[in-house]
Amino acid sequence: MDALLHVGLFLPLLAGIALLIWPSLGRRLAVAASGVTFLIAAWLFARASGEAYTFQALLLEPIQMYYALRLDGVGLVLWLAVALTTLLAVFIAKVPTRMLGWALLMESGLLGIFAADDLILFYVFFEATLIPSLLMLGLYGGRERLKAAYTFALFTLAGSLPMLAALFAVRYLGGAPSFLYSDLAAHPVSGSVADWVFLGFLVAFAVKTPLFPLHAWLPSFHAENHPSGLADAMGTLYKVGLFAFFKWAIPLAPEGFAQFQGLLLVVAAFSAIYAAWLAFAAKDWKRLLAYGGVSHMGLGALGLFSGNAEGVTGALFLLAASMVYTGGLFLVVGRIAERTETLEIGPVRGIAKSAPALSVLTMFLVMAMIGLPGLSGFPGEFMALLGAWKISPWLTFIAFTAVIAAAAYALTAYQALFQEEQNRVVSDLTPREWAFAVAIVAGVVLAGVYPKMFTQMIHPLSEALAKLLGGGA
Amino acid sequence: MITLYILGAASTVLTLLGFFVPARVTRWLATGSVAASIVYLFFTWGQRQTAFGGLYVVDPISQGFTLVALLGVLWALLVGRSEKWEFSLLLLYAATGMHFMASSPNLPVLLIALEVFSLPLYVLATWRRDEPGFEAGLKYFLLGALSAAIFLYGIALHFGATGSFNAGVQGSGPLYAAALLLILGALAFKVSLVPFHWWTPDVYQGSPTTVSLMMATAVKAAGFAALVRVLNVQDQGLWGLGLGALIALTVIFGNLGALAQRESKRLLAYSSIAHAGYVGLGLYSGTGTAAIGFYLLAYLLSTGLAFAVLAAISQGDVPYERLRGLLYRKPLLGVAMGVGLLSLAGLPPFAGFWGKLLVFLEAAKAQQWGLLVLALLTSAVAAYYYLRLFNLVVARGEATEAAIPAPGAGTPVLAGQSAGGLSLATGRLAAWPLVIASALVVLLGILPGLGYRLFSPTPFAALSRPASTAPATLPATFAITSPSDGAELRAGEFSLQGTGRAGETLEVWDSGSRIAEVRVDERGGWSLVLPSLPGVGEHTYQVRRPGEGEGPSVRVRIVE
């Protein structure tokens, strides 16, 4: 099993580098590499026995830093989501070949984030993923790409450095013998140090959740990225904040988390509503999806910060599910934009008549995003809100309006594009797009009708976290 | 010893031979002798040697810092080809001085070594023979002379306070503090810590780019080697505060200064100032030699890449705009520049990240939280200006300037610059150092242990061991078995040995400050070669579990 772990992690990296050097290898290589990675993720998922897949090798002896991987239930579910979305993205997006290489580099970084079991290794993956993401934006983005790239880099780096300080503090003030998760978790920091450590992590992870007000990089990031949606889909996968809170910030400084919990719940709820409000006002599809994503992550954060098993499981399920459907929506929007040459909502109307299958596919993903029962968006949202309800019914009630708002803004935009009086004839799904549609619909439906397959992997770990925090509810 | 012989003999012989053979031959011989020294260093890595009654010592500090300095010189030799043979010769003399600087614990010898490598640099700074060149040379010379005087004053006070010319001897009182502060100030000039940095931007800009490259890398390595020896005293007191102030000022003004630049060489000059500040963080814990060494190596490779690319564009000024779209015009230069800049910015997975991480860890170990936070904040500023340049390099189109010589493409194109007889490296030669350095930056970024272990007291240990599962409860069975309590030892090298539970990590303390961490091997034993020569006098070595206050200890007396 060891070998598969490493192959899955580094195959995209190698394929990506090969594509950057020899772009003539073409899309086939990208699809093959990400396909194999997906199969590996699925194989590991299917063979999971409740025991995590682990590997450890000392990388830097004097400071006791390990190349340590640990793929537990949560990691497996997220690997599956990342691998599936990347595969679909490189399969469908119409981009220069080298861009596919950058996307593959990013996939390796993302898989590493979810597998790293050493805090420094995690930091390395967390930071290194920034480079391909930044380059995709800087090299292939729209007219204002440099400004967007600066904003993105600034937020990310400004977040990462407090995290680096927290990383040192958690080791040397907590007294752990190494940077391994197990050692650090056995020596959590306490007192006012815990507050500062958690705050350090909080800044870094809030940027990547993203939570208000640290979401400000996101709209321009999406709006300026390549219209194909490849970079947007990969960027959606890079929103690893919820996972990072779950795996690192909360267990390493539980006392700090307890200090900030009330504030965080309010911020999460506000984030959900505020972003939903902005999504109403969005004039183009990418901004709409960007704000929609922020809004949904706000709901997820509400569940996670509630600190009980249901809420945490819901948050992580929602994270994985939203990677697939939001990423998928970005890609579909990219295909539509290729046909209509605009991302704006309004000018092009009524294309359902000429492209019924495309319309159904879009509708399907929009429904998943809204949280229609039976599709993958519902179980996560429901559990997250259920968990939050247990500790703060009023806040949950207010945040719930974001779910209703999602239905309104997403359906309004959908209606404008597909349903109103036709002013444009576009072609329907190509065979390649049909394959894409079948795959993503299968995934979304499977997670929607049989969520237990995934939640049973997540739940034991959520319970452990809830226990650590004193039972939550 | 052989390293010194090779370098010394080669410089002497070439001084005479240079008159009779073509410049090309001189350059090849100089390059060859530096390369031979490096190879010899590797073959004798980890072996210790003393000569001239302890005035010349080969130890991990000497080997590690010499390696960095020689690599810097080698690179300058490869990148900057001169039509005049003196150019290579002067570099060789500088290399000799730097090696001696890294290898002597004796203060007067350090001063001589400092002068030996500084004099050639004063000449090299004026190499372009134009107005900025003369300004650079004169500035460098005058301030260099001043710092040498300060150094000398410090040595005198040091002798007065301790009765010893050896660096790292523990003393006390205001005289001793003043001595250390003066020496610190003099060396701070060489490694350009604020406020001793004023010469740096002008000199880097006025000198040929290849010379700036060497000043930024090799000179810093030599300077920090001396600092590591001088500041290796247990009681920090006043110099600790002084160093803290220098570091704080350096990271703030170095980075802010860089932010305001519009010309690449000045940017790299300010960046070299800022980096000196980060390296300084490693001086606090007393165990930071390896971290400092690794940082300097990573910095050498990354900033060397940036300087080499600039040198390929012009030996003179390179305004930012000339870098626009470099990646598309000259892919190799673009990639090398990109890798160098990302590494300088401290992004993983490049070597520069680990350098930063390791010195920051040393600061954390020494509980210097204030400086650490300041260093982190300024790192964000640094990342911004490196990324700005990086963005220009990868920016598409809109190229305003096309005359950039291609590596491997024949005749150099000097864009309106008279390089004073210094031609550009444009042959195939210029390409492969760039490729090798870029590869090393990535390699050290992925496997930092490869570089870090070079600077540790026990290099070339097994690359990775299977992780032993940490035992849940540890019985209190660990001790120091050698030397015995109350032993009297002669100054020089010795090792501590002891027992412990297999796999655990123990801390070794010397008279109340932590000097090292050791890992107990499978058979329950450990041994530590002391990372530096302990000062004369009484020492209490204690071994502790991390986080615990006390542990078994031995008292030893070190005698001359």
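The values are calculated or read from the model by the stated rules, or taken from the named source; none is laboratory data. The structure presented is a predicted model; accordingly, all values stated were derived computationally and were not measured. No Cβ is skipped: glycine too gets one built from the backbone with ideal geometry, and neighbour counts run over all protein chains shown. Just the protein is used for accessible areas: all its heavy atoms, side chains included, with ligands, DNA and RNA removed. Shrake-Rupley method; radii C 1.70, N 1.55, O 1.52, S 1.80 Å.
For chain A, what is the calculated [θ] at 222 nm in deg cm²/dmol (nearest 500), taking -39500 (n - 2.57) for each run of four or more DSSP H residues and dividing by its residue count? Kindly include the intermediate steps, with their values, before the conclusion.
Working: 20 runs with 344 residues, N = 473.
Rounded to the nearest 500, it is -24500 deg cm²/dmol.
What pairs from B:LYS190/B:LYS265; A:LYS94/A:LYS208; A:LYS147/A:LYS286; B:LYS265/B:LYS365; B:LYS190/B:LYS365; B:LYS220/B:LYS265 go past 23 Å between their alpha carbons?
Result: A:LYS94/A:LYS208; B:LYS265/B:LYS365; B:LYS190/B:LYS365 exceed 23 Å.
Given a 1.4 Å probe, show me the residues in the range A:144-172 buried by at least 50 Å² of accessible surface when comparing the whole protein assembly to the chain alone.
A:TYR150, A:LEU157, A:LEU161, A:PHE168, A:TYR172
For the range A:21-161, state the semi-axes of the equivalent ellipsoid (square roots of 5 times the eigenvalues of the alpha-carbon gyration tensor), sorted largest first and rounded to whole angstrom. If you can, show how the numbers build up before the last one.
Details: eigenvalues 147, 98, 32 Å².
Gyration-tensor ellipsoid for the range A:21-161: 27, 22, 13 Å.
With charges only on Cβ, +1 for K and R and -1 for D and E, what is the dipole size of chain B about its Cα centre, in debye, rounded to 20?
Details: 34 positive and 28 negative charges, 239 e Å.
That gives a dipole near 1140 debye.
Per 20 Å bin from zero, what fraction in whole % of the C-alpha pairs of chain B is there, up to the bin with the longest pair?
22, 55, 21, 2
What is the average number of partner chain Cβ atoms found within 10 Å of a Cβ in A:52-62? Write down the numbers at each step before the final one.
Numbers: counts 0, 0, 1, 1, 5, 5, 9, 7, 12, 13, 16.
Whole-number average of other-chain Cβ neighbours for A:52-62 is 6.
What angle do you read, to the nearest 10 degrees and between 0 and 90, between the alpha-carbon axis of helix A:2-21 and the longest principal axis of chain A?
50 degrees
Over the Cα atoms of the range B:109-212, what radius of gyration and what Dmax do you get, in Å?
Looking at the range B:109-212, its Cα Rg and Dmax stand at 15.5, 49 Å.
To the nearest 10 degrees, how steep is helix A:119-128 against the longest Cα principal axis of chain A, on a 0 to 90 scale?
30 degrees
Could you state the angle between the C-alpha long axis of helix A:452-468 and the longest principal axis of the C-alpha atoms of chain A, as a value from 0 to 90 degrees rounded to the nearest 10?
In chain A, helix A:452-468 runs at an angle near 30 degrees to the longest axis.
Could you let me know the centre-to-centre spacing of the range B:25-96 and the range A:105-183, using Cα atoms, in angstrom?
Distance between centres, Cα-based: 38 Å.
At a threshold of 8 angstrom on Cα-Cα distance, excluding pairs fewer than six apart, so keeping six or more, what relative contact order does the range A:1-152 reach in percent? All intermediate terms of the calculation are to be shown ahead of the outcome.
On the way: 205 pairs, mean separation 40.5, N = 152.
Value for the range A:1-152: 27 percent.
At the nearest 100 Å², what buried accessible area, both sides summed, do you get for A and B when the probe is 1.4 Å?
Working: alone 17230 and 21200 Å², together 34850 Å².
Protein heavy atoms only, the A-B interface buries about 3600 Å².
Suppose only helical runs count, i.e. DSSP H with n ≥ 4. What mean residue ellipticity at 222 nm does that imply for chain B under -39500 (n - 2.57) per run, divided by all residues and rounded to the nearest 500 deg cm²/dmol? Please list the in-between numbers first.
Numbers: 19 runs with 319 residues, N = 560.
Mean residue ellipticity, 222 nm, calculated: -19000 deg cm²/dmol.
In square angstrom, what is the accessible area per residue of the protein assembly as shown with a 1.4 angstrom probe? Could the numbers behind the result be given before it?
Working: 34850 Å² over 1033 residues.
The answer is 34 Å² per residue.
Add +1 for every Lys or Arg and -1 for every Asp or Glu among the other residues with Cβ under 12 Å from the Cβ of A:TYR150, and state the total. Spell out each step's value before the answer.
Numbers: positive: A:ARG145, A:LYS147, B:ARG388; negative: A:GLU144, A:GLU224.
After counting each charged neighbour, the total is +1.
Pop a pseudo-label 7 angstrom from the Cα along the beta-carbon direction at both A:ILE17 and B:SER513 and give the gap in nm to one decimal.
Label at A:ILE17, label at B:SER513, 4.2 nm between them.
Highest mean first, how do B:35-45, A:256-266 rank when packing is the count of other Cβ atoms within 10 Å averaged over residues?
A:256-266, B:35-45
What's log10 of I(q)/I(0) for the protein assembly as shown at q = 0.04, 0.05, 0.10 Å⁻¹, Debye sum over Cα points only, no solvent?
Listed by q, the Debye log ratios stand at -0.21, -0.33, -1.19.
Take the alpha-carbon positions of the range A:274-318, form their convex hull, and give its projected area averaged over all directions (one quarter of the hull surface) in nm². Show your work: numbers first, answer last.
Details: hull surface 12.1 nm².
Computed as one quarter of the Cα hull surface, the answer is 3.0 nm².
If you take every residue apart from B:ALA148 with its C-beta less than 14 Å away from the C-beta of B:ALA148, what net charge results, scoring Lys and Arg +1 and Asp and Glu -1? Walk me through the numbers on the way to the answer.
On the way: positive: B:LYS190; negative: B:GLU115.
Neighbourhood net charge equals 0.
Mind checking which lysines have their C-alpha under 20 Å from A:LYS390, skipping anything on the same chain fewer than 8 residues away?
Here the lysines satisfying the reach criterion relative to A:LYS390 are A:LYS467.
Counting Lys +1, Arg +1, Asp -1, Glu -1, what net charge surrounds A:ASP117 among other residues with beta carbon under 15 Å of its beta carbon?
On the way: positive: A:ARG70, A:ARG171, A:LYS247; negative: A:ASP2, A:GLU51, A:ASP72, A:ASP118, A:ASP183.
Taking every Cβ under 15 Å from that of A:ASP117, the sum is -2.
Provide a whole-number value for the mean count of partner chain Cβ atoms within 10 Å of the Cβ atoms in peptide A:113-122.
1
Direction-averaged shadow area of the convex hull around the Cα atoms of the range A:2-468, nm²? Kindly include the intermediate steps, with their values, before the conclusion.
Details: hull surface 78.8 nm².
So the Cα hull casts an average projection of 19.7 nm².
What is the packing order of peptides B:139-151, B:310-322, B:362-374, taking the mean over residues of other C-beta atoms within 10 Å and listing the highest first? Working shown, then result.
Numbers: B:139-151: 17.8, B:310-322: 21.4, B:362-374: 19.6.
Those peptides, ordered most packed to least, come out B:310-322, B:362-374, B:139-151.
Report the FRET efficiency, 1/(1 + (r/R0)^6), for A:LEU4 and B:ASP485, where r is their Cβ-Cβ distance and R0 is 35 Å, rounded to 0.05. Kindly include the intermediate steps, with their values, before the conclusion.
On the way: r = 54 Å, r/R0 = 1.54.
Plugging the Cβ-Cβ distance into 1/(1 + (r/R0)^6) gives 0.05.
Shielding by partners for B:357-363, please: the mean number of other protein chain Cβ atoms within 10 Å of each residue's Cβ.
Values: counts 9, 4, 0, 4, 10, 1, 2.
Averaged over the peptide's residues, the number is 4.
Provide the packing ranking of A:372-385, B:164-177, i.e. peptides ordered by the mean count of other C-beta atoms within 10 Å per residue, highest first. The partial results should precede the final answer.
Numbers: A:372-385: 23.6, B:164-177: 17.4.
For the peptides A:372-385, B:164-177, the packing ranking is A:372-385, B:164-177.
Taking 8 Å as the Cα distance limit and 6 or more residues as the minimum spacing, I'd like the relative contact order of chain A as a percentage. Don't skip to the answer; put the middle values down first.
Values: 873 pairs, mean separation 70.7, N = 473.
It comes to 15 percent, rounded to a whole number.
Evaluate 2.2 N^0.38 Å with N set to the residue count of the range B:284-365, then give the Cα radius of gyration divided by it.
Numbers: Rg = 15.1 Å, N = 82, 2.2 N^0.38 = 11.7 Å.
In units of the globular-protein estimate, the range B:284-365 measures up at 1.29.
Suppose a student asked you for the relative contact order of chain B, using Cα pairs under 8 Å spaced at least 6 residues apart; what percent would you report? If you can, show how the numbers build up before the last one.
Numbers: 1100 pairs, mean separation 71.3, N = 560.
Contact order relative to length: 13 percent.
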